[in-house]
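The values are calculated or read from the model by the stated rules, or taken from the named source; none is laboratory data. It should be emphasised that the depicted structure is a prediction, and the values quoted were computed from it without experimental measurement. Glycine gets a Cβ as well: all are built from the backbone with ideal geometry, and neighbour counts include every protein chain shown. For accessibility, only protein heavy atoms count, side chains too; no ligands or nucleic acids. Shrake-Rupley method; radii C 1.70, N 1.55, O 1.52, S 1.80 Å.
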Amino acid sequence: MEIPENIQEQLNQFQQLQQQAQAVSMQVQNVEVQIQETEKALEELKKSDENTEVFKQAGTLLIKVEYSDALADMEDKLETLQLRKQTMARQEERVIKKLEEMQSTIQAAMKGMGQ
């Protein structure tokens, strides 16, 4: 039995949404890794005192920066990453919810066809 065009279209949308969910999930994982790296760098920075020479990477160069500037930059970066993670986690939740809804709709339509 052939699948009706409207159900086939829903299946295609479902597959696209699955790919979107995977992409968002990978982005969340990448941000989590960046958060861990930033937390580790911040922890190491806080272990040193204000007289410690601190360098910041700029492309392929290391540039000497003030301790207080480096500390503020790292804290800002961490905050930004955490906000990005929250935003992407909400996006991931919405996509998963939509996937579940679409799956139910498609299953109901397939049952209605007798498949």
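What the table shows:
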| item | result |
| --- | --- |
| The listed residue being under 30 Å from M102 (Cβ atoms), touching a Leu at 6+ places or on another chain (Cβ under 7 Å) and either free of Cβ contacts under 8 Å to residues at least 12 places away in the same chain or assigned to a helix (DSSP H, G or I) (or both), out of L78, L11, L17 | L17 |
| Hits in the stretch 36-49 - residues which are assigned to a helix (DSSP H, G or I) and either more than 17 Å from K77 (Cα to Cα) or of a type in the set (D, E) (or both) | E37, E39, E43, E44, K47 |
| Residue satisfying all of: in the stretch 81-108; free of Cβ contacts under 8 Å to residues at least 60 places away in the same chain and in contact with a helix residue (DSSP H, G or I) (Cβ under 8 Å, 6 or more places away or on another chain); most open to solvent (accessible area, probe 1.4 Å) among these | R84 |
| Failed criterion for Q86 (all others in (1) outside any loop (DSSP other than H, G, I, E, B); (2) over 21 Å from the mean Cα position of the chain (by Cα) hold) | (2) |
| Hits in the stretch 20-29 - residues which are touching a residue at least 60 places away in the same chain (Cβ under 8 Å) and among the polar types (S, T, N, Q) | Q20, S25, Q27 |
| Among the residues listed as V24, V33, the single one being exposed (fewer than 15 other Cβ atoms within 10 Å of the Cβ), of a type in the set (A, V, I, L, M) and either in contact with a Gly (Cβ under 9 Å, 6 or more places away or on another chain) or part of a helix (DSSP H, G or I) (or both) | V33 |
| Residue list for the stretch 50-72, filter: open to solvent by 70 Å² or more (accessible area, probe 1.4 Å) and assigned to a helix (DSSP H, G or I) | S68, D69 |
| E5 vs. criteria within 30 Å of M113 (Cα to Cα), open to solvent by 70 Å² or more (accessible area, probe 1.4 Å) and at pLDDT below 95 | yes |
| Residue match in the stretch 34-41 (condition: within 15 Å of the chain's Cα centre (by Cα) and closer than 30 Å to Q103 by Cα) | no |
